[in-house]
Amino acid sequence: MRISVQINGAAYAGEVEPRTLLSDFIRHQARLTGTHVGCEHGACGACTVALDGEPVRSCLMLAVQANGRELLTVEGLAGTGGELTPLQRAFTEHHALQCGFCTAGFLIVADALVRRRPDASEAEIREELAGNLCRCTGYEGIVAAIRSVTSALPEA
């Protein structure tokens with residue numbers, strides 16, 4: 001099947017087998033390797049991308065399901081000159097990444113959350129992140145990074 005998708009504002013087209021996973025299309029045909037594949041069962045969140053603005057697990061979607069739609073991967077978060085977004089800078093400043101394997105998925109989920117709920121509380125942030133796993137950071141730095149870019153008041 002022939003598909004065409006917008007990824008980070010650029011058009012990508014290609015022939016895919018109907019069973020091709022979206023994560024495989026992103027990594028192997030579009031050559032965007034920031035989207036990682038961890039568990040291949042949708043449990044870890046490393047493969048999360050934004051599809052039409054909403055986070056999805058790209059290892060659970062078929063590439064043909066994204067035909068004619070818009071994707072955002074971690075490569076698309078930074079500005080055109082490569083400048084980091086406030087959220088990306090916050091991840092660095094709050095030590096919210098270590099090995100980096102899960103970071104792309106966390107950033108995509110956090111970006112969608114900050115856009116949708118710029119006043120998210122710590123509890124809401126933790127709930128939103130519940131589907132993403134990190135084996136290195138312990139989550140405190142990740143939550144602190146996201147909170148630093150939201151306008152949420154400190155909780156008692």
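The values are calculated or read from the model by the stated rules, or taken from the named source; none is laboratory data. Note that the coordinates shown come from a computational prediction; the quantities given were computed from them, not determined experimentally. Cβ: placed from backbone, ideal geometry, glycine included. Neighbour counts: every protein chain shown.
For region 57-70, how many residues meet the condition of being among the aliphatic types (A, V, I, L, M) and over 20 Å from ALA43 (Cα atoms)? I'd like the intermediate steps shown before the answer.
Kept after step one, since they are among the aliphatic types (A, V, I, L, M), are these residues of region 57-70: 60-64, 66.
With the extra rule that they be over 20 Å from ALA43 (Cα atoms), the set shrinks to 64, 66.
Matching residues across region 57-70 total 2.
Which helices (runs of 4 or more DSSP H) sit wholly inside region 92-156 and have at least 2 residues that are in contact with a strand residue (DSSP E or B) (Cβ under 8 Å, 6 or more places away or on another chain) and surrounded by 14 or more Cβ atoms within 10 Å (Cβ to Cβ)?
Numbers: elements: 103-116, 122-129, 140-149.
Of the helices (runs of 4 or more DSSP H) lying wholly inside region 92-156, those with at least 2 residues that are in contact with a strand residue (DSSP E or B) (Cβ under 8 Å, 6 or more places away or on another chain) and surrounded by 14 or more Cβ atoms within 10 Å (Cβ to Cβ) span 103-116.
Run ALA110 past the list (1) within 20 Å of GLN6 (Cα to Cα); (2) at pLDDT 95 or above; (3) not acidic (Asp, Glu) and report the number of the one that doesn't hold. ALA110 satisfies every listed condition except (1).
Restricting attention to region 30-52, does a residue exist that is outside any loop (DSSP other than H, G, I, E, B), without any contact (Cβ under 8 Å) to a residue 60 or more places away in the chain and among the charged types (D, E, K, R)? No, region 30-52 contains no residue that is outside any loop (DSSP other than H, G, I, E, B), without any contact (Cβ under 8 Å) to a residue 60 or more places away in the chain and among the charged types (D, E, K, R).
The residues of region 49-59 that are surrounded by 15 or more Cβ atoms within 10 Å (Cβ to Cβ) and out of contact with any Lys or Arg (no Cβ under 7 Å at 6 or more places or on another chain), listed by number, are VAL49, ALA50, PRO55, VAL56, ARG57, SER58, CYS59. Among the residues of region 3-29, those that are assigned to a loop (DSSP other than H, G, I, E, B) and surrounded by 14 or more Cβ atoms within 10 Å (Cβ to Cβ) comprise ASN8, VAL16, THR20. Total residues in region 60-83 satisfying the condition of being surrounded by 15 or more Cβ atoms within 10 Å (Cβ to Cβ) and either assigned to a loop (DSSP other than H, G, I, E, B) or at pLDDT below 95 (or both): the figure is 4.
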